[in-house]
Each structure stands twice: as structure tokens, then as C-alpha cells.
């Protein structure tokens, strides 16, 4: 029973380039969450998605960041025109449903470490 | 919005001793309190959680206590072992529905042999 998969595990981009981070939820899970972790800090919520829908994007920066979770395939977090301040670890989590405990328990992937040069 | 404070930021204990990490939260509507363990280079792993209808929960050497009135909860690890060394995060959320988790700042726990 594979857990949450994220790729790439490490990503290096130059300022101004685009970064695409992918997340495949656990089998049977239809809810995906993205969090960002700056060095020596806790995780900060970015966005919560169900298949083909963004449910809560209250933690997403207003510009350059977008997320999707298509009907088929992984969830994608896209960062356009990256800047050095975007360097962080980006974690994806998935849950079985949104229907309440324990089915909304979040399981985390290993993260993508983005470095912007 | 919810605000979570976690203390201490670092904790060093002798192997076999107990470790306690504390968190406070601000939103009285929050009712789900998970604890995560993060090892170097890995994602957070859920180790124990508690809901606000329960005051204490125990799982082998790990226990969590909740004081809903004071809005604080604690993680207790007894008989610590070297493999307990990691960063521990508390988080706060809601039992109903899939809601975002608000995390504490983390505690780096070191177990000295």
C-alpha cells in the first residue's frame, strides 16, 4: 500500500523559471493538501483540493502560485517566475474523505525541496 | 485565525528519561489535535492524535493530554530511546470535514545515550 508520492524530491531552478511539483495521493484518497515549510519552521497550509476542485486556497500567495488536481493524474503545484524566497520544502498530504474523523486524517508525502538560485 | 505556539524549540534528554512538549492554541472551536514526528529529510508522520471530547490518550510510550479550558495540549514520551530523536510538531484542526491543519513551530528532540 504505497503512501503519498511526491516528485521530484529535489528541484533546482534559477530565478524567473517555473517550478512544477507533483503529488500522487494514497490509493483511494481524493483529497489533497499542500503545505510549505521554510527552514527551521513549521508547516504552513497553502491549498486544499478535491478532484477537479479547489476547496480552500486561503494560504496561497496571490501571484505566481497555482494548484490543480485533475480528474486523472497527480496534483500539481506550479510556481511561476520563481524567486529566492520560494526556496523551501513543499509537502503534499492526502486524506480519504472530507467526511470527518478519522477519514479526514492527513498522510504526508516525503516532500519536494525547491532551491532557487 | 488559529494561532499555535509550541515549546520548547529544542529539548535534550537522557535515554530512558521522559520528554514533554507543550502547545497552546487560540481558537476554541478547534477540536482535533494531532502530533507529527519528522525525521531528517522526510515528511511528517502522524504519531498520535486526540479529539476534544477526550482528555488523555495513550499509545505505548506516547501519550497526549488536552486541557480544553486552558486551550493547551501536551505530548509525553516515556522511556525515551535514541530513535525518538527527531523534530516533533503539534497541529490543530477540526474533526468535522477536511480542514487545513495549523502547525506549531516544532521541537527538536535529542536523546542522549
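Filter the stretch B:64-86 down to residues that are within 24 Å of residue A:93 (Cα to Cα) and under 10 Å from the mean Cα position of the chain (by Cα), then give me how many there are.
4
If you go through the stretch B:1-32, how many residues are under 16 Å from residue B:105 (Cβ atoms), within 14 Å of the chain's Cα centre (by Cα) and within 11 Å of another protein chain (Cβ to nearest Cβ)?
Adding up the residues that qualify gives 6.
Is at least one residue of the stretch B:16-23 without any contact (Cβ under 8 Å) to a residue 24 or more places away in the chain and not in a strand (DSSP E or B)?
Checked the stretch B:16-23: no residue is without any contact (Cβ under 8 Å) to a residue 24 or more places away in the chain and not in a strand (DSSP E or B).
Can you list the strands (runs of 3 or more DSSP E) found entirely within the stretch A:15-117 that contain at least 1 residues being touching a strand residue (DSSP E or B) at 6+ places or on another chain (Cβ under 6 Å) and within 12 Å of chain B (Cβ to nearest Cβ)?
The strands (runs of 3 or more DSSP E) meeting that bar are A:19-24, A:31-37, A:43-50, A:53-56, A:88-95, A:112-116.
Of all residues in the stretch B:35-84, which are assigned to a loop (DSSP other than H, G, I, E, B) and closer than 19 Å to residue B:16 by Cα?
B:60, B:61, B:78, B:79, B:80, B:81
Can you name the residue in the stretch B:85-113 that is assigned to a loop (DSSP other than H, G, I, E, B) and more than 8 Å from chain A (Cβ to nearest Cβ) and, of all such residues, is modelled with the highest pLDDT?
Only one residue tops the list, namely B:85.
Would you be able to say whether some residue in the stretch B:51-58 is facing chain A (nearest Cβ under 8 Å) and either within 24 Å of residue A:4 (Cβ to Cβ) or modelled with pLDDT of 95 or more (or both)?
yes
Kindly indicate whether residue B:30 is in contact (Cβ under 8 Å) with a residue 40 or more places away in the chain and in a strand (DSSP E or B).
Considered against the rule, which asks whether it is in contact (Cβ under 8 Å) with a residue 40 or more places away in the chain and in a strand (DSSP E or B), residue B:30 comes out as no.
Would you confirm whether or not the stretch A:25-38 contains a residue that is farther than 20 Å from residue B:100 by Cβ, touching a residue at least 24 places away in the same chain (Cβ under 8 Å) and surrounded by fewer than 16 Cβ atoms within 10 Å (Cβ to Cβ)?
There is at least one residue in the stretch A:25-38 that is farther than 20 Å from residue B:100 by Cβ, touching a residue at least 24 places away in the same chain (Cβ under 8 Å) and surrounded by fewer than 16 Cβ atoms within 10 Å (Cβ to Cβ).
Being closer than 28 Å to residue A:56 by Cα and in contact with a strand residue (DSSP E or B) (Cβ under 9 Å, 6 or more places away or on another chain) is the filter here, so list the residues in the stretch B:67-95 that pass it.
Matches in the stretch B:67-95: B:71, B:72, B:73, B:87, B:88, B:89, B:90, B:91, B:92, B:93, B:94, B:95.
The values are calculated or read from the model by the stated rules, or taken from the named source; none is laboratory data. Since this is a predicted model, take the numbers as computed values, not measurements. Glycine also receives a Cβ, built like all others from the backbone with ideal geometry; neighbour counts cover every protein chain displayed.
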